[in-house]
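Visitor: Mind having a look at this structure? Questions to follow.
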Amino acid sequence: MNVLCLGARIIGPEVAKELVAAFLSARFTAEERHLRRTGKVREMEKGS
């Protein structure tokens, strides 16, 4: 799970569009650190 925050006073509309496009096109990689993080989320979900 990722969150993208953009400062309206700092980032202009065109840069914001580029950043959102890059954010949305990012893909999950099965690197160990990513698997570890998703495992933590799954464990938290089991507890609810």
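The values are calculated or read from the model by the stated rules, or taken from the named source; none is laboratory data. This one's a predicted model, so the numbers in the text were calculated from it and none came from an experiment. Positions of Cβ are generated from backbone atoms using ideal geometry, with glycine treated the same way; all protein chains shown enter the neighbour counts.
Visitor: Taking L6 as meeting all but one of (1) in a loop (DSSP other than H, G, I, E, B); (2) at pLDDT 95 or above; (3) out of contact with any helix residue (DSSP H, G or I) (no Cβ under 8 Å at 6 or more places or on another chain), write down the number of the exception.
Guide: It fails just one condition, (3).
Visitor: Filter the range 13-26 down to the residues that are of a type outside the set (A, V, I, L, M, F, W, C) and surrounded by 10 or more Cβ atoms within 10 Å (Cβ to Cβ) and list them by number.
Guide: Here is the first cut: in the range 13-26, the residues of a type outside the set (A, V, I, L, M, F, W, C) are 13-14, 17-18, 25.
Correct list: K17, E18.
Visitor: Sticking with this one: Looking at this structure, is T29 surrounded by 10 or more Cβ atoms within 10 Å (Cβ to Cβ), within 15 Å of the chain's Cα centre (by Cα), on the phi < 0 side of the Ramachandran plot and not aromatic (F, W, Y)? Lay out the reasoning, then the answer.
Guide: On the way: surrounded by 10 or more Cβ atoms within 10 Å (Cβ to Cβ): no; within 15 Å of the chain's Cα centre (by Cα): yes; on the phi < 0 side of the Ramachandran plot: yes; not aromatic (F, W, Y): yes.
So T29 fails the test.
Visitor: Hey, among the residues in the range 27-48 that are polar (S, T, N, Q) and in a loop (DSSP other than H, G, I, E, B), which one's farthest from N2 (Cα to Cα)? Let's see the steps before the verdict.
Guide: Here is the first cut: in the range 27-48, the residues polar (S, T, N, Q) are 29, 38, 48.
Among the residues that remain, those that are also in a loop (DSSP other than H, G, I, E, B) are: 29, 48.
Working: T29: 14, S48: 20 Å.
Per the criteria, the residue is S48.
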